[in-house]
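Visitor: Below you'll find the structure I mean.
The values are calculated or read from the model by the stated rules, or taken from the named source; none is laboratory data. This is a predicted model, so every value here is computed, not measured. A quick note on method: Cβ atoms are made from the backbone with ideal geometry, for glycine too, and the neighbour counts reach across all protein chains shown. Accessible surface areas use protein heavy atoms only, side chains included; no ligands, DNA or RNA. Shrake-Rupley method; radii C 1.70, N 1.55, O 1.52, S 1.80 Å.
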Amino acid sequence: MDSTRVTEQPTSFERPQPGVDPADPRGAFLRSPAPAAGTGAALPAQGRSGGEPPAPGAAAPGGPAPDAADGPASEHSQPGAGPDAEPDAHRPRPAPDGIPVQPADGQGRVDRAPGGAERRTGQVTRPGRPTPMRRDGDRLRFVGAATRRIARGIDLDEIVMGLCRATVPTFSDAILVYLRDPLPVGDERPTGPLVLRLRRTDRIPPERDTEGGGFMPIAPPEQPSELDSVGEELCTVRPGSALAEVLRGVRPVFTDAPAARAALPELLGEEGAAAVPEGQRAVLAPLRGRRRVIGAALFLRRPERIPFEADDLLVAAQLATHSALGIDKAVLYGREAYIADELQRTMLPETLPRCTGVRLASRYLPAAETARVGGDWYDAIPLPGSRVALVVGDVMGHSMTSAAIMGQLRTTAQTLAGLDLPPQEVLHHLDEQAQRLGVDRMATCLYAVYDPVAHRITVANAGHPPPVLLHLGGRAEVLRVPAGAPIGVGGVDFEAVELEAPAGATLLLYTDGLVESRLRDVWTGIEQLREKLAATAQLTGADHPPPLEALCDEVLDMLGPGDRDDDIALLAARFDGIAPSDVAYWFLEPEDAAPGRARRLARRQLSRWGMDELSDSVELLVSEVVTNAVRYASRPVTLRLLRTDVLRCEVGDDVPQLPRLRQARATDEGGRGLYLVNRLARRWGATRLSTGKVVWFELNHG
């Protein structure tokens with residue numbers, strides 16, 4: 001074994017000072033450079049010459065010897081501090097956020113240090129004033145507290161406000177924060193000239209500054225300060241100007257420097273620059289983010305206050321760096337939140353359709369404000385025959401990936417609904433689509449089709465919580481629907497059930513975030529939901545269902561403070577139905593006489609309904625649509641009239657090709673039927689069915 005002696009070396013890069021023990025934990029303070037003469041901020045003596053600490057019971061230079069009962073004098077012990085002493089009125093009082101407040105005059109008692117040199121201890125001879133701590137320690141504590149306050153902010157306004165509140169009045173009497181307009185996002189390269197906009201300004205109110213603040217505070221001025229007039233709303237930085245050079249330098253500078261003094265009129269205007277105090281009483285600090293300068297901060301002290309020192313530039317640099325990086329992150333976070341909101345908004349329907357015989361209302365709540373995207377969705381899709389498909393689904397998770405998968409499944413469901421497939425077939429194709437999207441793309445879905453003419457609803461379920469039906473009398477019922485397996489499992493057969501949907505009843509479809517949380521299981525939540533619906537219905541009486549929008553709000557009120565673990569999608573459908581007396585239905589053989597028979601049937605039915613004023617228009621349009629149908633149909637053509645708030649006419653045939661509106665030429669014998677329908681009808685359309693198609697049009701009636 002090598003017997004070479006290992007010598008422990010100091011780890012600091014500073015050169016060892018004579019008389020200072022490197023192992024002494026107070027070495028950082030012992031090695032602190034002496035402050036400049038005239039600043040009134042000299043550090044108190046830390047030990048005797050030679051680097052050895054005073055022996056227990058020995059008197060510190062310039063002070064009385066401590067009592068032996070008090071033990072060794074600590075680093076921060078003050079003369080006369082003992083167990084029987086009164087509370088130390090000279091101890092520094094911390095300002096908000098733990099920032100020490102310094103005395104107003106900055107003067108202290110002068111002691112004789114070893115060697116006969118005078119040194120100012122910083123103790124105030126006047127009673128009732130706080131004893132100043134070492135200036136370097138004050139700066140460190142201030143920077144630590146200020147950066148913590150800035151780091152607490154999430155959005156842009158919170159970070160800028162944190163900078164202002166941490167700075168005024170502790171470090172400066174006023175601060176002006178300018179930010180680039182617009183702020184670049186991430187690696188985005190800004191275009192156009194550099195424009196700075198005054199984002200926020202903060203000053204000491206006279207009524208608040210009774211004690212002063214900061215390192216060397218003073219009493220408030222009796223007259224309004226000239227700092228109140230400093231600041232311009234907008235500033236355009238010209239390339240090559242003095243302000244551009246200062247911002248390019250990145251480092252904070254005193255405004256008494258020639259370059260900074262020349263930059264002030266460009267930033268503040270001539271009047272604002274004239275109000276800036278002379279000398280080192282203002283610091284201009286560029287705010288540099290990760291890529292580029294994004295603004296500037298101007299720290300100001302009143303003329304009667306002690307000016308900034310050279311070390312204050314380091315403080316300003318720390319504040320500017322933390323603020324700029326925080327602003328950069330806040331802008332990125334804001335962009336991500338905006339993208340998430342836009343993604344979620346486009347994935348969900350902007351407005352619900354107005355369908356015949358049913359009224360709809362919906363709600364969506366994200367899992368949290370910081371995670372505004374999720375996999376829950378709802379939809380209402382009009383179908384041929386005045387039917388409507390009601391869909392609610394939930395993709396696992398609440399992330400951007402879940403939202404993207406949800407969007408693809410919702411689009412697939414809309415396409416399948418347009419083909420008028422049965423509910424169980426829609427879920428089967430959704431299951432196949434989920435498997436094509438990737439492994440573990442799991443989702444639950446409930447698909448229901450409501451027929452207002454038959455007053456029936458057909459429901460198929462894929463692992464989703466069952467819907468709740470609120471009857472007109474106030475009874476709430478959890479529908480018995482086969483649960484099925486979630487979408488994405490594969491190889492599962494889905495089953496559909498057909499149930500009654502009486503007029504006046506309300507069907508509630510929801511995701512599990514409404515009924516399941518860490519505090520309750522899903523079936524307990526479903527029972528609470530059923531009770532909530534029944535209690536709400538009792539408020540309006542047995543003959544009047546509760547308003548649909550108010551009912552959705554009442555349902556969401558059942559959520560407690562700890563019940564928001566997941567996204568919540570809610571779709572409510574009020575079944576009004578269509579009375580049998582408002583429906584007329586016929587079959588027409590595909591022959592040449594069919595258009596004439598259709599005109600006679602339509603006129604006769606309109607006369608029964610008292611709508612003779614529409615007879616001419618309806619006869620013309622029905623004749624054109626039926627003529628197009630019987631020209632290619634091989635099976636009987638259907639004609640149906642429905643009287644609701646509008647008059648709706650539907651013509652169905654077994655030909656899947658959809659008619660297209662086109663401009664007929666002067667020599668064409670046909671091709672003008674749909675043109676007449678387009679001009680005379682309120683609206684019209686064509687929908688492909690599994691057995692053919694339906695062409696429909698609507699007319700307003702008085």
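Visitor: Name the residues in the range 581-638 that are of a type in the set (Gly, Ala, Ser), farther than 16 Å from residue 681 by Cα and in a helix (DSSP H, G or I), would you? First the steps, then the outcome.
Guide: Applying the first criterion (of a type in the set (Gly, Ala, Ser)) to the range 581-638 yields 581, 584, 593-594, 596, 598, 602, 607, 610, 615, 617, 623, 629, 633-634.
Pick out the ones that are also farther than 16 Å from residue 681 by Cα and you get 581, 584, 593-594, 596, 598, 607, 610, 629, 633-634.
581, 594, 596, 598, 607, 629, listed by residue number.
Visitor: What about residue 438, is it more than 21 Å from residue 360 (Cβ to Cβ) and open to solvent by 10 Å² or more (accessible area, probe 1.4 Å)? Lay out the reasoning, then the answer.
Guide: Values: more than 21 Å from residue 360 (Cβ to Cβ): yes; open to solvent by 10 Å² or more (accessible area, probe 1.4 Å): yes.
Considered against the rule, which asks whether it is more than 21 Å from residue 360 (Cβ to Cβ) and open to solvent by 10 Å² or more (accessible area, probe 1.4 Å), residue 438 comes out as yes.
Visitor: Something else: Taking the residues in the range 441-460 that are farther than 16 Å from residue 427 by Cα and of a type in the set (D, E, K, R) as candidates, determine which candidate is most open to solvent (accessible area, probe 1.4 Å).
Guide: Step by step, filter the range 441-460, then rank; the result is 456.
Visitor: Related question: Spot the failing condition for residue 612; the list is (1) open to solvent by 40 Å² or more (accessible area, probe 1.4 Å); (2) at pLDDT 90 or above; (3) within 22 Å of residue 675 (Cα to Cα), and only one is missed.
Guide: Evaluating residue 612 over (1) open to solvent by 40 Å² or more (accessible area, probe 1.4 Å); (2) at pLDDT 90 or above; (3) within 22 Å of residue 675 (Cα to Cα) leaves (3) as the failure.
Visitor: What about residue 480, is it basic (Lys, Arg), outside any strand (DSSP E or B) and either touching a helix residue (DSSP H, G or I) at 6+ places or on another chain (Cβ under 8 Å) or touching a residue at least 60 places away in the same chain (Cβ under 8 Å) (or both)? Spell out how you get there, then give the answer.
Guide: Working: basic (Lys, Arg): yes; outside any strand (DSSP E or B): yes; either touching a helix residue (DSSP H, G or I) at 6+ places or on another chain (Cβ under 8 Å) or touching a residue at least 60 places away in the same chain (Cβ under 8 Å) (or both): no.
Judged against the criteria, residue 480 is not a match.
Visitor: Does residue 316 fit the bill of being more than 30 Å from residue 274 (Cα to Cα), assigned to a helix (DSSP H, G or I) and open to solvent by less than 20 Å² (accessible area, probe 1.4 Å)?
Guide: Spelling it out, it is not the case that residue 316 is more than 30 Å from residue 274 (Cα to Cα), assigned to a helix (DSSP H, G or I) and open to solvent by less than 20 Å² (accessible area, probe 1.4 Å).
Visitor: If I ask for residues that are over 17 Å from residue 696 (Cα atoms) and among the charged types (D, E, K, R), which ones from the range 347-362 would you list?
Guide: The answer is 350, 359.
Visitor: What are the residues in the range 588-607 that are among the hydrophobic types (A, V, I, L, M, F, W, C), surrounded by 11 or more Cβ atoms within 10 Å (Cβ to Cβ) and farther than 11 Å from residue 641 by Cβ, if any?
Guide: Those that are among the hydrophobic types (A, V, I, L, M, F, W, C), surrounded by 11 or more Cβ atoms within 10 Å (Cβ to Cβ) and farther than 11 Å from residue 641 by Cβ: 588, 594.
Visitor: What are the pairs with Cβ atoms under 7 angstrom where one residue, in the range 496-519, is farther than 27 Å from residue 455 by Cβ and assigned to a strand (DSSP E or B) and the other, located anywhere, is open to solvent by 40 Å² or more (accessible area, probe 1.4 Å) and not hydrophobic (A, V, I, L, M, F, W, C)? Sequence gap at least six, or different chains.
Guide: Note: pairs meeting the criteria are 517/565.
Visitor: Sticking with this one: Looking only at the range 536-551, count every residue that is surrounded by fewer than 18 Cβ atoms within 10 Å (Cβ to Cβ) and of a type outside the set (S, T, N, Q) and tell me the total. Even if it seems obvious, please write down each step before you answer.
Guide: At the first step, the residues of the range 536-551 found to be surrounded by fewer than 18 Cβ atoms within 10 Å (Cβ to Cβ) are 538-544, 547-550.
Filter once more, so that each one left must be of a type outside the set (S, T, N, Q): 539, 541-544, 547-550.
Residues meeting the conditions: 9.
Visitor: Counting only residues that are within 19 Å of residue 568 (Cβ to Cβ) and surrounded by fewer than 23 Cβ atoms within 10 Å (Cβ to Cβ), which one in the range 381-397 is nearest to the chain's Cα centre (by Cα)?
Guide: Across the range 381-397, the extreme among qualifying residues is 397.
Visitor: Check the range 661-669 and report whether any residue there is of a type outside the set (Lys, Arg) and under 52 Å from the mean Cα position of the chain (by Cα).
Guide: For the range 661-669, residues of a type outside the set (Lys, Arg) and under 52 Å from the mean Cα position of the chain (by Cα): present.
Visitor: Another question, then. Going by what's in this entry, would residue 337 be described as open to solvent by 20 Å² or more (accessible area, probe 1.4 Å) and either assigned to a helix (DSSP H, G or I) or charged (D, E, K, R) (or both)?
Guide: Taking the combined requirement at face value, the residue satisfies it.
Visitor: Same structure again: Looking at residue 459, is it assigned to a strand (DSSP E or B), under 30 Å from residue 657 (Cβ atoms), over 31 Å from the mean Cα position of the chain (by Cα) and among the β-branched types (Val, Ile, Thr)?
Guide: no
Visitor: Scan the range 414-470 for residues that are under 23 Å from residue 348 (Cβ atoms), out of contact with any Phe, Trp or Tyr (no Cβ under 8 Å at 6 or more places or on another chain), touching a residue at least 12 places away in the same chain (Cβ under 8 Å) and of a type in the set (S, T, N, Q) and report the count.
Guide: Residues meeting the conditions: 3.
Visitor: Which one is modelled with the highest pLDDT among residues in the range 486-497 that are within 34 Å of the chain's Cα centre (by Cα) and open to solvent by 10 Å² or more (accessible area, probe 1.4 Å)?
Guide: Ranking the qualifying residues of the range 486-497, first place goes to 486.
Visitor: Looking for something of a type in the set (D, E, K, R) and farther than 21 Å from residue 165 by Cα - is there at least one such residue anywhere in the range 312-323?
Guide: no
Visitor: Considering only residues that are closer than 21 Å to residue 516 by Cα and open to solvent by 30 Å² or more (accessible area, probe 1.4 Å), which ones fall in the range 464-479?
Guide: 477, 478
Visitor: Then there is this: Please find, among 648, 635, 640, the residue that is under 19 Å from residue 606 (Cβ atoms), of a type outside the set (A, V, I, L, M, F, W, C), more than 47 Å from the chain's Cα centre (by Cα) and modelled with pLDDT of 90 or more.
Guide: Being under 19 Å from residue 606 (Cβ atoms), of a type outside the set (A, V, I, L, M, F, W, C), more than 47 Å from the chain's Cα centre (by Cα) and modelled with pLDDT of 90 or more holds for just one of 648, 635, 640, which is 640.
Visitor: I'm trying to understand the selection: among the residues of the range 498-534, which are among the polar types (S, T, N, Q) and crowded, with 22+ Cβ neighbours inside 10 Å?
Guide: Of the residues in the range 498-534, the ones among the polar types (S, T, N, Q) are 506, 511, 517, 524, 528.
Across the range 498-534, the qualifying residues are 506, 511.
Visitor: Looking only at the range 666-681, decide whether some residue is within 25 Å of residue 580 (Cα to Cα) and either modelled with pLDDT of 90 or more or in contact with a strand residue (DSSP E or B) (Cβ under 8 Å, 6 or more places away or on another chain) (or both). Even if it seems obvious, please write down each step before you answer.
Guide: So in the range 666-681, the residues within 25 Å of residue 580 (Cα to Cα) come out as 681.
Among the residues that remain, those that are also either modelled with pLDDT of 90 or more or in contact with a strand residue (DSSP E or B) (Cβ under 8 Å, 6 or more places away or on another chain) (or both) are: 681.
Yes, because at least one residue in the range 666-681 is within 25 Å of residue 580 (Cα to Cα) and either modelled with pLDDT of 90 or more or in contact with a strand residue (DSSP E or B) (Cβ under 8 Å, 6 or more places away or on another chain) (or both).
Visitor: Go through the residues of the range 527-548 one by one and say whether even a single one is under 23 Å from residue 381 (Cα atoms) and either at pLDDT 90 or above or outside any loop (DSSP other than H, G, I, E, B) (or both).
Guide: Yes, the range 527-548 contains a residue that is under 23 Å from residue 381 (Cα atoms) and either at pLDDT 90 or above or outside any loop (DSSP other than H, G, I, E, B) (or both).
Visitor: For the range 626-651, name all the residues that are farther than 24 Å from residue 452 by Cα and open to solvent by less than 60 Å² (accessible area, probe 1.4 Å).
Guide: Selection gives 626, 627, 629, 630, 633.
Visitor: Have a look at 430, 419, 365 and point out the one that is surrounded by fewer than 17 Cβ atoms within 10 Å (Cβ to Cβ) and in contact with a strand residue (DSSP E or B) (Cβ under 8 Å, 6 or more places away or on another chain).
Guide: Only one candidate passes the filter, namely 419.
Visitor: Something else: Looking at 340, 389, can you tell me which residue is small (Gly, Ala, Ser) and modelled with pLDDT of 90 or more?
Guide: Among 340, 389, only 389 is small (Gly, Ala, Ser) and modelled with pLDDT of 90 or more.
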